[in-house]
1. Looking at 233, 200 in this structure, which one is at pLDDT 95 or above and either open to solvent by 40 Å² or more (accessible area, probe 1.4 Å) or on the phi > 0 side of the Ramachandran plot (or both)?
2. Out of 205, 121, 140, which single residue is farther than 26 Å from residue 251 by Cα and more than 16 Å from the ligand (Cβ to nearest atom)?
3. In this structure, is residue 463 open to solvent by less than 30 Å² (accessible area, probe 1.4 Å) and either more than 22 Å from residue 522 (Cα to Cα) or within 16 Å of the ligand (Cβ to nearest atom) (or both)?
4. Residues that are at pLDDT 95 or above and farther than 29 Å from residue 348 by Cα: does the stretch 388-400 have at least one?
5. Among the numbered criteria (1) among the hydroxyl-bearing types (Ser, Thr, Tyr); (2) buried (at least 22 other Cβ atoms within 10 Å of the Cβ); (3) within 30 Å of residue 559 (Cα to Cα); (4) in contact with a Pro (Cβ under 9 Å, 6 or more places away or on another chain), which single criterion is violated by residue 436?
6. What residue, of 100, 68, is modelled with pLDDT of 95 or more and more than 16 Å from the ligand (Cβ to nearest atom)?
7. Could you tell me whether any residue of the stretch 216-225 is closer than 23 Å to residue 192 by Cβ, without any contact (Cβ under 8 Å) to a residue 24 or more places away in the chain and open to solvent by 10 Å² or more (accessible area, probe 1.4 Å)?
8. Return the residue satisfying two criteria in turn: it lies in the stretch 327-351 and is assigned by TED's automatic domain parsing to the domain that holds residue 100, hydrophobic (A, V, I, L, M, F, W, C) and outside any loop (DSSP other than H, G, I, E, B), and of such residues it is farthest from residue 538 (Cα to Cα).
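The values are calculated or read from the model by the stated rules, or taken from the named source; none is laboratory data. Source: prediction; values computed, not measured. Counting neighbours? That spans all protein chains shown, and the Cβs are built from the backbone with ideal geometry, glycine included. When the accessible area is computed, the model is the full protein with side chains, heavy atoms only, and any ligands, DNA or RNA have been set aside. Shrake-Rupley method; radii C 1.70, N 1.55, O 1.52, S 1.80 Å.
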Amino acid sequence: MSTDHEDRIKQFLGLMTPEEKLGQLQQLAWAWDTGPGTSSTEEAEAAARKGLLGSVLNVFGAASTNALQRIAVEETRLGIPLLFGLDVIHGYWTTFPIPLAQAAAFDPAVTETDGEIAAREARSNGVHWTFAPMMDVTHEPRWGRIAESHGEDPYLTSRYAAAKVRGHQGTDLAAPDRIAACAKHFAAYGGPEGGRDYNTVDVSEQRLRNLYLPPFKAAVDAGVASVMAAFNTISAVPAHANPHTLTRILKEEWGFDGLVVSDWTGVLELIAHGFAEDGAAAARRALGAGVDMEMVSTTFAEFGRELLARDAITEERLDDAVARVLRLKLRLGLFERPYVDESAAVTEPSPATRAAARDAATRCMVLLKNDDQTLPLRPGLRSIAVVGPLADSGDLLGTWTVPDAQRRFPAVTVAEGMRAAVPQAHIVCVPTGTATGAAADSAGQAEAVTAAASADFTVVAVGEPPALSGEAAVRSDLELPGDQRELIAAVAATGKPFAVVLFAGRPLVIGDWLDSAPAVLLAWHPGLEAGHALADLLTGAVSPGGKLPTSFPRAVGQIPVHYNHERTGRPYDPAQPDEKYVSKYLDLADGPQFPFGHGLSYTTFTTGEPSLSRTGIPADQLSDGATVEVTISVRNTGDRAGDEVVQLYVHDLAADIVQPVRRLRGFERVTLGPGESTVVLFRLGAEDFGYWTNDPEGVFVLERGAIDIYAGNSSTARKCSRLTIN
Ligand code: BGC
């Protein structure tokens, strides 16, 4: 904490009226890239002019933000600058793959680069603060917001959370190319019952701390500037009014001195939750629990005076909340430089940022299946058909884009990418219907099949468009929407070679069509350079190396299905598939269709046994910081270069709390030439072997006993060594 900042905060607090203080806690919405003076911006503009506004969201554009900032800085008594926030989730102009896709790269550098580029573009357009990274661990593919997440694993998500914070914030928030990050949604938003957005989450303390909280802790340790409360309840107490999570854990246990912002009208929604009778009670509950800034609804500003007067909120709490707002503004250097240089605003992606987005997208894609080396395409093909609802679609950016990015900078389509990559081949593109499941979606299928029948190779571009994932985009049926299965079947019936390129913002249920498709490449929503990145992989210019950050279910009825589940007293044993009284479905094979960590390459790899620097270690040495070194060898056994992700999982065989059957605790993506090998080193310590108990005070224990350490290239890794903690 800078003492200079703290002194200035104290001075301001001494000067401010209660209304001005409450005003700093208010964030209002704007109408995108528009300056003051339009009817839709009246409320925010008027509040800014009175000095009763702390922040504005959904505002961007160098000229627009400067015009609004001038009101706050030049027309108000104290001249406190406004804080401008925007959801810059996977890119500003340069749209990167969705976060779930980025997680599939198993390479946090991908998200760090996204964070850096987005920060530069956004800050130059007057944006100070993004509501990212989203770090809700989730086992719910029905939930559309899985697209914004990093999947089902807390360790992978934690590594990405820290990297994104670094990418956005750098080491100095006041730098002209950095923005403040926001860890969201605090907490357990990824566990809604039935997968329905905003729904109830009832969670034990141990699951909260072992599954949902680690990425937030990692973000706080990485210096994240702000945290956003979640829309859900946590064990019947709304996250927006939850003193246990917001104050006890976040602010006290973790010592977080940054800003807690509500989600959009999240404070007022305490009334709908049945947790507050009216706006005054909502404000009392939320502010009292630890929310510092209210997004869009206005209960703090409306009822704050009255609550202070009747001691329903304390002046200390109010001052603490205001201090957190001012601290962020000071850290961002807004008092010194409230405006941006309009002539330096970045207005489009550059060749370099496009190249970075392309590289990221190639790293994110996952080769799910590749029978008989169907991919990569053989050199010298004369004709390639590109068919399907997403064959020539630029709507592949993903769920969150800056307004206007989709119109101004749509994704490179699959057909465009193929034309650029294979200029000597005749590319026939037949877009078919829509991928949304709308009535007319079989349009063009007959033509597509004719094209496939006469082409040397066909790329079938199917999936769900971005509108089917993201916020409030929940699906109960996870199969390919509409007639896309029929399209694949009809192309397969031509008997000609083809590959399915699957676009998705979530794990889909890959039905019977999987058997008829010789190759399936999962592209997610790859962002701006979609088509070029795909062509890089389809042609073999780059070998796929992505891995699934979330299990792909066989059927919706099996959800949740995830690799890090707890063991039951009657686990299913593949050696005895007919045993009835075990935990299984009568009508479905055990486990997911594709497990966490799965992903193929155009080459092959072998991973060696995990070799431990010691087979036993005293618990107290681990508690004092000692580590066990685990080395794992990996060899490219094929005849071309490629990437492999070496994965390390642990399992505590017997503990005071039943442990997940596997927990990812290390991964490294390596690139190896044909025949080449390397050894990857992991260091495991107390944090990797211990766990949080159900004690609400936050008790982390490291027990004595046996730990199995698995190494391999997916969560089904079998090679194992045992460590004894004594
Ligand atoms: C979402 C947040 C987002 C906010 C502001 C909400 O509906 O839940 O993730 O940051 O809107 O756009």
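1. Within the list 233, 200, the selection yields 200.
2. Every option except 121 fails the conditions.
3. No.
4. Looking through the stretch 388-400, at least one residue is at pLDDT 95 or above and farther than 29 Å from residue 348 by Cα.
5. (2)
6. Working: 100 fails: more than 16 Å from the ligand (Cβ to nearest atom).
Going through 100, 68 in turn, the sole match is 68.
7. In the first step, residues of the stretch 216-225 are kept if they are closer than 23 Å to residue 192 by Cβ; the result is 216-219.
Among the residues that remain, those that are also without any contact (Cβ under 8 Å) to a residue 24 or more places away in the chain are: none.
No, that holds for no residue.
8. Among those residues, the one meeting the criterion is 330.
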